[in-house]
1. Could you list Thr245, Thr199 so that the one with the fewest beta carbons within 10 Å of its beta carbon is first and the one with the most is last?
2. Can you sort Asp269, Asp89 so the residue with the fewest Cβ neighbours within 10 Å comes first?
3. Please give, to one decimal in nm, the separation of the simple spin-label points placed at His178 and Ser54, each 7 Å out from Cα toward the Cβ.
4. For the peptides 164-171, 32-39, what is the packing order when you average, over each peptide's residues, the other Cβ atoms within 10 Å and list the highest mean first?
5. Just subtract the alpha-carbon distance of Asp4 and Ala236 from 0.36 nm times their residue separation and send over the number in nm, one decimal.
6. Restricting to DSSP H runs of at least four residues, report the calculated mean residue ellipticity at 222 nm for the chain, -39500 (n - 2.57) per run over all residues, nearest 500 deg cm²/dmol.
7. With a 10 Å Cβ neighbour count serving as the proxy for reagent exposure, in which order, fewest first, do Phe183, Phe272 appear?
8. Cα centroids of the stretch 66-92 and the stretch 212-279: how far apart, whole angstrom?
Amino acid sequence: MSGDYPEYKFISIDTPGEWLLRVTLNRPEKRNALSNELRGELFDALERADRDPSVRAMIIRGAGKCFSAGYDLASDTRQNLPYHTSGGDGFWPRHVVDGAFKICDLAKPVIAQVHGFCLAGGSELAAACDLVCIADSAQVGYPPVRSISPPDNQFFPWVIGMRRAMMLMLTGDAIDGHQAVEFGFANLVFPEADLEEGTLDLARRVAKIPADLQQINKRSVHRQMDAMGMRAGIRAGTEMQALATHSATTQAYIQELMKGVTGALSKRDEQFGDYRTSKPDTE
């Protein structure tokens, strides 16, 4: 690395090969919950790498048992924001979408390396990346639709299509790595033991192309999606998320969360028998 990178508390960075920078979400004891402090460090590292002439491609992965189980519901999301978003109703989904577009608009490709849980905000982070490599045993889903709201970042219809998005949005169920590739959420699937090397192999191939040309290659795809209305649709989705928070169901669930996050999440999923309720050791 030739750039100036500080010491981070909630992420770690390394260079696993020439032209590559890897960011590891490093809160394994919290399933890499995306607190604002962690998100601030993540965006800082990505933006520094985007300016670093020794970097052509970036990888995001999670430490421990999973990529990320979502946003840190035990923290105050109004504090320590990594960047400014205008306030008012719908502030949080608009803030999340602003961050997703920041990743889209980086000049250099970003690759998500996904294993274990990739849920809620974790799935939004992976979806914002340019490429996704996934373990066959991973679980990708948006369980908050069962109790609180649709996604902050309405990427599912754009990435996997209407029928598949409808299935996930109306059940909160998860898909595994093979389904994630079949659906179009991910590019490549590997046994978990091979995921790191498979991701690095793809990153090495991406990094063979000089950055001045690669940024145009990346932007050319995003501009086509923009022309089809992706950003307008995703921004419109933030209003749906905001509207959902005024429902009686959401207001009641917020009260459950205030009593204890773990208990509220378990109560949400127990009738479905998945996520933290599927096995005694998943919590």
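1. Ranked by crowding around the Cβ, least crowded first: Thr245, Thr199.
2. The order, fewest Cβ neighbours first, is Asp89, Asp269.
3. Using points 7 Å along Cα→Cβ, the separation is 4.2 nm.
4. 32-39, 164-171
5. The span from Asp4 to Ala236 would gain 79.8 nm if fully extended.
6. Only helices count here, giving -13500 deg cm²/dmol.
7. Lowest to highest Cβ neighbour count: Phe272, Phe183.
8. Here the two parts' Cα centres lie 12 Å apart.
Since every read-out is calculated from the coordinates, none of them should be taken as a lab result. Not measured: the values here are computed from a predicted model. Reconstructed Cβ throughout: ideal geometry from the backbone, glycine too, with neighbour counts over all protein chains shown.
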